[in-house]
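One structure is given here, and the rest of the page talks about it.
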Ligand code: MLT
């Protein structure tokens, strides 16, 4: 589906009925990465998964995509859909956007699902590597970005033994316009440290991370969760940075349970 918001066309999935759940994808992917979750969760929830600005089928504008800008795009989409309160989930960059959203509109968030993400800002070294990747995207195109990103996104075991999944993720990356890559990399590099926000998160929070995640490793997840008052951490074995794709069954089980508890569905079912 598509809506015009704030002068751009935003593409999104809106499937199922029940308490709303919003899922924000990682960089440089798009909403299709949530396909194994949408399939299962839409049986009990209304699942909304947008393509963030510059990704998938959503317009790629010029300029820096700050996490606040991306969060405001999501806010505008949800406003046009008439959705006030929801559980908000994000993976990696999606998690940065979820934290930016929570900072501005905490009253709209019933629960937070933070996957393979972190609250701290980039180190100078990380900023430099983003600038390099951005320049590579401009000089060599999106294929070079896919080659650089795949080893960071997937666990070594996934990379060596699951060529079909590797190819699927590669194809998702190839759908991202270079302009989107450049805008998102600059936005992530500029994102503020959100550590101060963590003790103020009042809603139930689930932190999920792949055991072999090299971008946001389990110790980062545990430290983040310790600072959030009502938080629980789950580490998904045998997964890297994309446990929702690498271990969808284990991922869906913990997420579904969290969503049922957070939205009251578990109590209704007795
Ligand atoms: C992502 O998966 O969204 C990115 O790898 C996050 C990052 O580069 O910090």
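Of the helices (runs of 4 or more DSSP H) lying entirely inside segment 170-249, those containing at least 2 residues that are at pLDDT 95 or above, in contact with a strand residue (DSSP E or B) (Cβ under 8 Å, 6 or more places away or on another chain) and under 13 Å from residue 115 (Cα atoms) span 218-226, 243-246. Restricting segment 123-161 to residues that are in contact with a helix residue (DSSP H, G or I) (Cβ under 8 Å, 6 or more places away or on another chain) and part of a loop (DSSP other than H, G, I, E, B), the residue that is nearest to the ligand (Cβ to nearest atom) is 154.
Any idea how many residues of segment 1-57 are within 16 Å of the ligand (Cβ to nearest atom), within 25 Å of residue 253 (Cβ to Cβ) and in a loop (DSSP other than H, G, I, E, B)? The qualifying residues number 4. Scanning segment 92-122 for residues that are under 17 Å from residue 187 (Cβ atoms) and within 15 Å of the ligand (Cβ to nearest atom) yields a total of 15. Within segment 250-270, the residues that satisfy the criterion of being out of contact with any strand residue (DSSP E or B) (no Cβ under 7 Å at 6 or more places or on another chain) and over 15 Å from residue 209 (Cα atoms) are 256, 257, 260, 261, 264, 265, 266, 267, 268, 269, 270.
When the residues of segment 60-112 are filtered to those that are in contact with a strand residue (DSSP E or B) (Cβ under 6 Å, 6 or more places away or on another chain) and surrounded by fewer than 18 Cβ atoms within 10 Å (Cβ to Cβ), the one that is nearest to residue 261 (Cα to Cα) is 85.
Looking across segment 80-91 at every residue that is under 25 Å from residue 265 (Cβ atoms) and either assigned to a helix (DSSP H, G or I) or within 12 Å of the chain's Cα centre (by Cα) (or both), the one that is farthest from the ligand (Cβ to nearest atom) is identified as 81.
Out of 182, 169, which single residue is under 23 Å from residue 99 (Cα atoms), within 16 Å of the ligand (Cβ to nearest atom) and crowded, with 18+ Cβ neighbours inside 10 Å? Spell out the reasoning first.
Numbers: 169 fails: under 23 Å from residue 99 (Cα atoms).
On inspection, the qualifying residue turns out to be 182.
The values are calculated or read from the model by the stated rules, or taken from the named source; none is laboratory data. What you see is a predicted model, and the numbers here were worked out from it, not measured in a lab. Here Cβ is always computed from backbone atoms with ideal geometry, including for glycine, and neighbour counts include all displayed protein chains.
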